Amino acid sequence: MSYNILSQDLLEDNSHLYRHCRRPVLHWSFRFPNILKEIKHFDADVLCLQEVQEDHYGAEIRPSLESLGYHCEYKMRTGRKPDGCAICFKHSKFSLLSVNPVEFFRPDISLLDRDNVGLVLLLQPKIACAASPAICVANTHLLYNPRRGDIKLTQLAMLLAEISSVAHQKDGSFCPIVMCGDFNSVPGSPLYSFIKEGKLNYEGLPIGKIVITWLLKNLG
């Protein structure tokens, strides 16, 4: 299950986006019990949550999910942002093998001056009498700006590079991968095609030579 639960601080900072909503339903005291109700209803073995506000995570979200049998891992955005990404899994179903946070911010690269993050876990299914491979689960929240597909693409490439490293097995194969997140993209977009097809036709795209050069240099 993947769910952007909308950080309350971000909601308040961008209240003009929610003028069509009745004010009472925007309060965290109303929203969180309903979010938790949805999570209980779907009863997923793995949850990938975006816009998880740090203070709410520590005080309410993590304790509530732990009471439902989840183990939670969290990566806060860089740059003093209030929220981050969380991956929570049923500890009755999986053992945690590794936690791999991904920070997209690079102080010396103008293309990577944003504070988005990702999180990649390696989980071992608890299946009796079965040699089940580990599972790589990734979660991210890419940049929102609809005019900066170049930044989104670079952030995605960095996440995929981390996934490739985590999911790579000793025999040269890759374990099963589940990639979730809020990619701020739509079907048919270059980013979507890149994920689905594993390639990018950048001819005519306004992403600039700096993006292609950086991708080829750093990610091959």
Practice task
Can you check what the net charge comes to around Ala44, using other residues whose Cβ is under 12 Å from the Cβ of Ala44 (Lys, Arg +1; Asp, Glu -1)?
Solution key: 0
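Kindly rank 5-16, 74-85, 21-32 from highest to lowest mean number of other beta carbons found within 10 Å of each residue.
Highest-to-lowest ranking by the protection proxy: 74-85, 5-16, 21-32.
Rounded if a/c is under 1.5, else prolate if a/b is larger than b/c, else oblate: which is segment 2-197, with a ≥ b ≥ c the root eigenvalues of its Cα gyration tensor?
oblate
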Exercise for the section: Among DSSP beta bridges whose residues both lie in the chain, state the antiparallel percentage, nearest 5. Expected result: 75
Problem - Whole-percent carbon and sulfur share, accessible surface of segment 2-197, 1.4 Å - result: 53
Practice task
Report the one residue of Phe30, Gln53, Leu65 whose Cα lies farthest in the direction of the positive end of the charge dipole of segment 2-197 (charges on C-beta: Lys and Arg +1, Asp and Glu -1; origin at the Cα centre).
Solution key: Phe30
Exercise for the section: Could you point to the residue in Cys136, Gly198, Phe105 farthest towards the positive end of the chain's charge dipole, with +1 and -1 charges on the Cβ of Lys/Arg and Asp/Glu respectively? Expected result: Gly198
Handout entry: Check: segment 2-197 dipole with +1 on Lys, Arg Cβ and -1 on Asp, Glu Cβ, in debye
Key = 360
Exercise for the section: For Tyr192, tell me the accessible area in Å² from a 1.4 Å probe, rounded to the nearest 10. Expected result: 90
Handout entry: Accessible area expressed per residue, the chain, with surrounding protein chains retained (probe 1.4 Å, Å²)
Key = 55
Problem - Estimated 222 nm signal from helices in the chain, with DSSP H stretches of n ≥ 4 weighted -39500 (n - 2.57), rounded to 500 - result: -9000 deg cm²/dmol
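The values are calculated or read from the model by the stated rules, or taken from the named source; none is laboratory data. Everything numeric in this text was worked out from a predicted model, so none of it was measured. Neighbour counts are summed over all protein chains in view; Cβ atoms, including those assigned to glycine, are modelled from backbone coordinates with ideal geometry. Please note that ligands, DNA and RNA were not included when accessible areas were found on the heavy atoms of the full protein model with its side chains. Shrake-Rupley method; radii C 1.70, N 1.55, O 1.52, S 1.80 Å.
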